[in-house]
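Below is one structure; the comments refer to it alone.
Bear in mind these aren't lab numbers, they're just calculated from the coordinates by the rules spelled out. Model, not experiment: these values are computed from the prediction. Cβ coordinates were reconstructed from backbone atoms using ideal geometry, including for glycine residues, and neighbour counts include every protein chain displayed.
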Amino acid sequence: MNVPDDLHYAPTHEWLRLDGSSGTVGITDHAQAELTDVVYVELPKVGAEANAGQQICVVESVKAASDIYAPVSGTVVAVNDALTANPALLNTDPFGEGWIFKIKVEAGEDIEHLKTPAQYREQLGAADPGGEV
Amino acid sequence: MSADTALKQTPLHAEHIRLGAKMVDFGGWSMPVQYTGIIDEHHAVRGNLGVFDISHMGQFFAEGEGAAAWLNRLLTNNVDRLAVGECQYTFLLNEDGGVIDDLILYRIADARYLLVVNASKIDEDFAWMDAHREAGVSLENQSVRYAGFAVQGPKSAQLFDAFFSGQYSRPARNEILAVEIDGLTYFIARTGYTGEDGFEVFCPAERAVKSWTDILRKGAEFSIKPCGLGARDTLRLEMCYPLNGSDLAADTTPLEAGLGIFVDLQKPEFIGRAKLTEQKRSGVKRRLVPFRMTGPCPPPRSHYAIFKGDQKIAETSSGSLSPTLKTGIGMAYIPTEFARINEQIEIEIRGKRFPAIIEKKPLHRSAPSVN
């Protein structure tokens, strides 16, 4: 599984790319593989506010709907409209073209609760293959 | 997770893992939901060829001079219409006319029948049938002794010919052939659950791995793909074939499901007949109909509320994205007054309503198959 070194990870399999006080959010390679064919993305609304860990949008595969959680507290400032026409971008390029939204991180928010790439790799390694779906 | 160990496994379990399948709990069985992807596998079956492990399904054998008459009293379709080597889709009903199971009955010899039943209903079906057993009829549950594969797709006939090199002629639609291979009996039926041409093969469990690998090897020239339950579900839903437990239940009847052609009310007696006769006379109050979403929306799934105006009129019994139609589809028991083709309805998905239209069965029609 691809776990890029320059990102922060939520235990719920979202990634965060921080650039100053704004961040880009998507789901990890592991998450897209578990979800399988993504057929619908219900994007958050620009301007929506969320606390870290709060459900913010929904991604649907053929088989199931899965909640996506905000990895940090903040305000949604942009969404990836390309996913509406082409939700499969989440499968083909989860860390690039498949980004879901950009968030302006709340002042004073830290990212201590997020995992480093090494910690996230450890989480994936500990997962029982065939367990979580 | 550790619960995995409690799940039943088919004889092909190790093959599925080796092929990289994603395994899920399906009614107590560890089954492949997909190998490469549901959409891929769906298109493989519509376009070329796919093979499914259906070893979880149950096989009962009923035998005896009185077997036909006895089965006729338990099942809705008319057993007397079956010649040796033919099969029929039929229902096992409770006294209220509700569905215990839907199954295929094959007449494999003069007084010997094979029943292929749903995996999750093996115990319930057998207990029910055994409790109603009559003298002179034997009933055996041989589910664990048989493995099964469904080879489905427009190239199925070509694979059959390549496989047997003219040694056997293909069974026609709804026919079954028994062949001896190394002294063991294999049943090969021209049946399926996808709407494509295809064969369902039942063989002794100890031959499962060899047969499965042979099918994949011989099928390679026809671009065969191993397919999981995910594609099996989207394929059957496009055809509006019901799934027991979702579209059929102990409190729904075959008449409400629009499957009355598999019920012979002319038969003098069968369990559920009185109720169905009454329902036929008074008319059903709801009917299982397919619908298609008419705009962009999340895929519908089972148990979503259905609205007509401000009135909630039903819940979806099945729903999915249709890989062929590229839109959301589903089925639901709709009150008869609204259960009409082209009726506009709305499906509520996470608090928002999306327009849908009631359509004719099936939602997809494949090209006719060769014989």
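Please turn the phi angles of the stretch A:110-123 into ³J(HN,Hα) values with the Karplus equation 6.51 cos²θ - 1.76 cosθ + 1.60 (θ = phi - 60°), one per residue in order, whole Hz, x for glycine and proline.
Coupling constants for the stretch A:110-123: 10, 10, 4, 6, 8, 8, 6, x, 5, 5, 5, 4, 5, 4 Hz.
Under a 5 Å amide H to amide H cut-off, with H placed in plane at 1.01 Å, what residues pair with A:Y69 once short-range neighbours are removed?
Placed amide hydrogens put A:I56 under 5 Å from A:Y69.
Restricting to DSSP H runs of at least four residues, report the calculated mean residue ellipticity at 222 nm for chain A, -39500 (n - 2.57) per run over all residues, nearest 500 deg cm²/dmol.
Taken over chain A, the calculation gives -4500 deg cm²/dmol.
What does the average come to when, for each residue of peptide B:73-85, you count the partner chain Cβ atoms lying within 10 Å of its Cβ?
Working: counts 0, 0, 0, 0, 0, 0, 0, 0, 0, 0, 0, 0, 0.
Mean partner shielding for this stretch: 0.
What percent do you get for the relative contact order of chain B when only Cα pairs under 8 Å and 6+ apart count?
So the answer I get is 18 percent.
Exceeding 20 Å between C-alpha atoms, which entries from my cross-link table qualify? They are B:K22/B:K210; B:K8/B:K121; B:K155/B:K225; B:K308/B:K352.
B:K22/B:K210
Within 10 Å of each Cβ of A:33-40, how many other protein chain Cβ atoms are there on average?
Across A:33-40, the average partner-chain Cβ count within 10 Å equals 5.
Per residue of the stretch B:175-191, what does 6.51 cos²θ - 1.76 cosθ + 1.60 with θ = phi - 60° give for ³J(HN,Hα)? Whole Hz please, x for Gly and Pro, Karplus curve as stated.
For the stretch B:175-191, the Karplus-derived couplings read 10, 10, 10, 9, 10, 9, 10, 6, x, 10, 8, 10, 9, 10, 10, 8, 9 Hz, x marking Gly and Pro.
FRET efficiency for B:A6 and B:L184, Cβ-Cβ distance as r, R0 = 35 Å, nearest 0.05?
0.70
Under a crude label model (7 Å from the Cα following the beta-carbon direction), how far is B:A109 from A:H113 in nanometres?
6.8 nm
Which of B:W128, B:W29 has the fewest other C-beta atoms within 10 Å, and how do the rest follow up to the most?
B:W128, B:W29
So what's the back-of-envelope 222 nm ellipticity for chain B, counting only DSSP H runs of four-plus at -39500 (n - 2.57) apiece and dividing by all residues, rounded to 500?
Result for chain B: -6000 deg cm²/dmol, rounded to the nearest 500.
Only helices at least 15 Å long along their own axis, judged from Cα atoms, and with Kyte-Doolittle mean hydropathy of -1.0 or greater: name those in chain B from DSSP H. It would help to have the intermediate numbers written out before the result.
On the way: long enough: B:208-219 (16 Å, -0.36).
What comes out of the filter, once short or polar helices are dropped, is B:208-219.
5 Å is the cut-off here: which amide hydrogens, built 1.01 Å from N in the peptide plane, fall below it relative to A:V79, excluding neighbours closer than 5 in sequence?
Counting only residues 5 or more places away or on other chains, the set is A:K102.
Per residue of A:62-70, how many C-beta atoms from partner chains lie within 10 Å of its own C-beta, taken as a mean? If you can, show how the numbers build up before the last one.
Values: counts 15, 14, 2, 5, 0, 0, 0, 0, 0.
Mean shielding count: 4.
What full-extension length gain, to one decimal in nm, is calculated for B:D161 and B:V209 as 0.36 nm per residue of separation minus the Cα-Cα distance? Before the final figure, lay out the partial values.
On the way: separation 48, 0.36 × 48 = 17.28 nm, distance 2.08 nm.
Net length gain for the segment: 15.2 nm.
Please count, across the stretch A:22-133, the pairs of lysine residues with Cα atoms under 22 Å apart that sit 8 or more places apart or on different chains.
The result is 4.
Which whole-number percent gives the relative contact order of the stretch A:1-119, counting Cα pairs below 8 Å spaced six or more residues apart? Provide the component values of the computation, followed by the final result.
On the way: 268 pairs, mean separation 37.7, N = 119.
Contact order relative to length: 32 percent.
B:K312 versus B:S246, label points 7 Å from Cα toward the beta carbon: distance in nm?
2.1 nm
Evaluated at 37 °C with a viscosity of 0.692 mPa s, what Stokes-Einstein diffusion coefficient in µm²/s does chain B have when Rh comes from the Kirkwood expression over alpha-carbon pairs? Working shown, then result.
Values: Rh = 21.4 Å.
Rounded to a whole number, D works out at 153 µm²/s.
Based on alpha-carbon atoms only, what is the radius of gyration of the protein assembly as shown relative to the globular estimate 2.2 N^0.38 Å?
Dividing the Cα Rg of the protein assembly as shown by 2.2 N^0.38 Å gives 1.07.
Sequence-distant or interchain residues sharing an amide H contact under 5 Å with A:V38, placed H: which?
A:N91
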